[in-house]
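Data first, discussion second: the structure below is written as structure tokens.
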Amino acid sequence: MKLISVNVGQPRGVPWVGKTVATAIFKEPVEGAVQLRRLNLEGDQQADLQVHGGPQKAVYAYPSEHYAFWRRELPGAELPWGAFGENFTTEGLLEDSACIGDRFRVGTAVVAVTQPRMPCYKLGIKFGRNDIIKRFLASRSTGFYFGVVEEGEVRAGDAVELLAREENRVSVADIVRLRVAGNPDPELLRRAVGLEALPANWREHFLQQLQAAS
């Protein structure tokens, strides 16, 4: 597994539906070592801290393998690394293999998988089309967030080394299925509710689903 690109961006104002919206979804690759701190990468910020950023969303990772799919889906669109607002463009680490709570060493930093990315309207701003949100979820190619366990330096080309597996083994793909499925699996819901690494709002949502199903 490998870190293909490190991407950062600052909030900017963009026109959207007759008003100006602040967003930091526009990320660009950077060269050399970048300091990864508890809340974000050096040089990176989030525009709306109520829904983006924080210790459980310090880094957004997106598999490079998905880019081929999107180039077919969005012909003519420019898709450089960082196009989906990701901080880490990765290779060899996909949603069906990355489990909530898994820990990885990247460069001198240690990170842990916390949750999938659920897209908001700013992805529509990035691509200039509202249907991208529905298509993004339907693709199940959501990417996922890392929390920072140990700060350190990262750079493009670093290996992504698995350090520890979460015993409960609920993958990012499992969590996405639970979130969007009309009839979620009760046993998988129980396992998801028990994931300490999963943010409390996600666990509460799944607990309500579990109680409704019982």
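Just so you know, all these numbers are worked out from the coordinates, no wet-lab data involved. Just so it is clear, the structure is predicted and the values come from calculations on it, not from any experiment. Note that we place each Cβ from the backbone using ideal geometry, even for glycine, and neighbour counts take in every protein chain shown.
Here are some notes:
- Charge sum, other residues only, whose C-beta stays under 15 Å from P75's C-beta, Lys/Arg counted +1 and Asp/Glu -1: +1
- Computed from point charges on the beta carbon alone (+1 for Lys and Arg, -1 for Asp and Glu), the dipole magnitude for segment 91-214 about its Cα centre is near 620 Debye.
- Projecting the Cα atoms of V14, A173, A33 onto the charge dipole of the chain, computed from C-beta unit charges around the Cα centre, puts V14 farthest toward the positive end.
- Neighbours of G157 by Cβ distance under 12 Å: Lys/Arg scored +1, Asp/Glu scored -1, total -1.
- For segment 1-153, the percent of C-alpha pairs falling in each 10 Å distance bin, counted from 0 to the bin holding the largest distance, reads 11, 44, 36, 9, 0.
- Excluding same-chain neighbours fewer than eight residues apart, the lysines reachable from K134 by a Cα-Cα span under 27 Å are K19, K27, K57, K122, K126.
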